[in-house]
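Report on the structure given below.
The values are calculated or read from the model by the stated rules, or taken from the named source; none is laboratory data. This is a predicted model, so every value here is computed, not measured. Don't worry about glycine lacking a Cβ; one is built from the backbone with ideal geometry, like all the others, and counts go over all protein chains shown.
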4 protein chains.
Amino acid sequence: MYRHKVRYFEADQQGVVFNMWYLGYFDEAMAAFLEEGGLGYRQMLDAGFDVQLVHSEIDWGSSLRWGDEAEVRVGVAERGSTSFALDFDVSAGEKSVASGRTVYVVVATDGTGKRPIPEILDKALGPA
Amino acid sequence: MYRHKVRYFEADQQGVVFNMWYLGYFDEAMAAFLEEGGLGYRQMLDAGFDVQLVHSEIDWGSSLRWGDEAEVRVGVAERGSTSFALDFDVSAGEKSVASGRTVYVVVATDGTGKRPIPEILDKALGPA
Amino acid sequence: MYRHKVRYFEADQQGVVFNMWYLGYFDEAMAAFLEEGGLGYRQMLDAGFDVQLVHSEIDWGSSLRWGDEAEVRVGVAERGSTSFALDFDVSAGEKSVASGRTVYVVVATDGTGKRPIPEILDKALGPA
Amino acid sequence: MYRHKVRYFEADQQGVVFNMWYLGYFDEAMAAFLEEGGLGYRQMLDAGFDVQLVHSEIDWGSSLRWGDEAEVRVGVAERGSTSFALDFDVSAGEKSVASGRTVYVVVATDGTGKRPIPEILDKALGPA
C-alpha cells in the first residue's frame, strides 16, 4: 500500500486535490506494489525492461483535502502476454475517495518495442 | 482548440510527457472550449454553478516530447440532466498522441449539491 | 524534519529533480516545522492568520534523483515584527544537496493586510 | 519575452499561483530568451553543452491568479567564465508581480563537468 500525505499545492481553488495528481499517486503506488512483490523499478530497468502507460481511468466519489493521509491500495486486474492492468483504490481514513485502473505495456529499454512480461515482473505481480 | 507548448519539466526521465499532465491539459482545454462557446469559467462561477470531475479516461497511442506544440481538440460526447461528457483528442503536428474522455457533474457553488445543466452552460456546449 | 521520497515525475530529462519542486518541499517542511512547534497550519488559519511568501532563495551543490530519501531540516533565520525567515537544508543520506531561505509575512485571513507575529506563531518558532 | 496564461491547477487554496510554479516559468523564459538570441536548447545540447541551475531567488510584490496573462521579461545580469546569471521580471497587465534571478553553470553533456561559455551561447546572450 502506498501512503501519501496530501501536499498544500496539490489542492486547488476548490480546496480539493486537483485531478491530475491522482495519476502521480498511481505511479508511485505501482512502483511500491512491484517493490513489495520483490521487484525494484531500477532492477527492472537494469534487466532491460520498462513499462509504458497506455490507458488510465479514474472514478471519483469524493475528494482529498490538504493534509489528508491518503492510502492507495493496488491489485492486479488483468495479465496479458505483453501487458498488465492494475486496479487502484484511494481512501483517507473512513472516506472512500476514488478508484482507478491503468494498463501498462512492457517494452525493451533499448527502444526495440514490446516484450512478453519477463519472469521477474510476473513474479512481482503475484500468483495469477 | 487548446494549444500548449510542452514545458521542460513535464517530460520525465523517459523523455516523454508524464501521464498526469494530460489531465492538466484537458482541464485547460475544457475551459477554453466553454469560452469559445461564450461562457467564461468565472462567469459560470458568478452565476452560482461549478463543475466537478467524476470520471476521466485516457488512451495513449504515442507520446509528447519537450517543445512539442500540442493541440487538444474538444467535443461534446454526452449530455445528461446534471452531467455532461467531453471527448479530447491530443495531437502534435501529424502525430496523433492520445484521446480521452471526462465526465463532469454540475454543482451549486453554495455547496448544496447537483444542479441541472444551466442554460448558459447548455448554450456553451453547442447544439445538442 | 521533513522527509520526502522523490517521486518519479519530479525528475526531469537530466534525471535529477527539477528545481521548482524544492519550493514545494520547503512549503511542506515549513508546515511540518510549525507543527512540531505545536502549531498546526489549520489552527493558525482558524485563529485568523496566514503567511505569504515574499522571498525565496536556493543554492544547489548537488541534486536529488528519483527514489532518493530527501531530508529537509528547518531553522529560524530571522524574526521581525510582521515577518520571519526560515533556513532550509536539503540532504539525502550522506549527500548534501541544497540550502535555501524563505521569508514570510504574516497577514490576516480577512484580507486586511499585515499583522504582527501572533503569540501562537511566536511560540511555534521556538525561543528567540 | 515569455508569455503564459496561468493554468487552473497552478493556483492554490489562497487563490494565487503557488510559488514553485514561478521557477517553472523562469525555466521556459530562459529557453525562450536563448532561442530569441538564436540558440535553440536542443542545438546547445547537440553541441555538447548543457546548463545547470546552481542558484535561484525570487521576490514577490504581488501575485498571479488563474487566467492572468503573465509576461516574463529576461535580461542578462552577469556573465562569468563558466557561468551566467539571468534576471526575470514577471508582470500581468499593469500589475508588477515578481522579480527573480537564476545562476547557471555550463557543463559538458558527457558528464565531464564545467565548461567555459561556448561561443554559440555567448552570442545568444547578446553583447556583453
Would you confirm whether or not region D:118-127 contains a residue that is outside any strand (DSSP E or B) and acidic (Asp, Glu)?
yes
Pairs only if they're at least six apart or on different chains, beta carbon under 6 angstrom, first in region B:9-31 and small (Gly, Ala, Ser), second part of a helix (DSSP H, G or I); list them, first residue then second.
B:24/A:20; B:24/D:9; B:31/B:41
Being outside any helix (DSSP H, G or I), under 26 Å from residue D:2 (Cα atoms) and within 13 Å of chain A (Cβ to nearest Cβ) is the filter here; which residues of region B:1-58 pass it?
B:12, B:13, B:15, B:16, B:17, B:18, B:19
Restricting attention to region B:99-111, and to residues there that are among the aliphatic types (A, V, I, L, M) and surrounded by 16 or more Cβ atoms within 10 Å (Cβ to Cβ), which single residue is nearest to residue B:57 (Cα to Cα)?
B:103
Give me the residue from region A:80-98 that is out of contact with any Lys or Arg (no Cβ under 9 Å at 6 or more places or on another chain) and surrounded by 14 or more Cβ atoms within 10 Å (Cβ to Cβ) and, out of that set, nearest to the other protein chains (Cβ to nearest Cβ).
A:98
Any chance you could count how many residues in region C:47-76 are modelled with pLDDT under 95 and closer than 17 Å to residue C:96 by Cβ?
0
Inspect all residues belonging to region B:88-98 and state whether any of them is touching a strand residue (DSSP E or B) at 6+ places or on another chain (Cβ under 8 Å), at pLDDT 95 or above and more than 30 Å from residue D:2 (Cα to Cα).
no
Restricting attention to region A:81-88, does a residue exist that is in a loop (DSSP other than H, G, I, E, B) and farther than 15 Å from residue A:25 by Cβ?
yes
Single residue of region B:59-71 satisfying the filter (away from chain A (no Cβ under 14 Å) and in contact with a strand residue (DSSP E or B) (Cβ under 6 Å, 6 or more places away or on another chain)) that is surrounded by the fewest Cβ atoms within 10 Å (Cβ to Cβ)
B:69
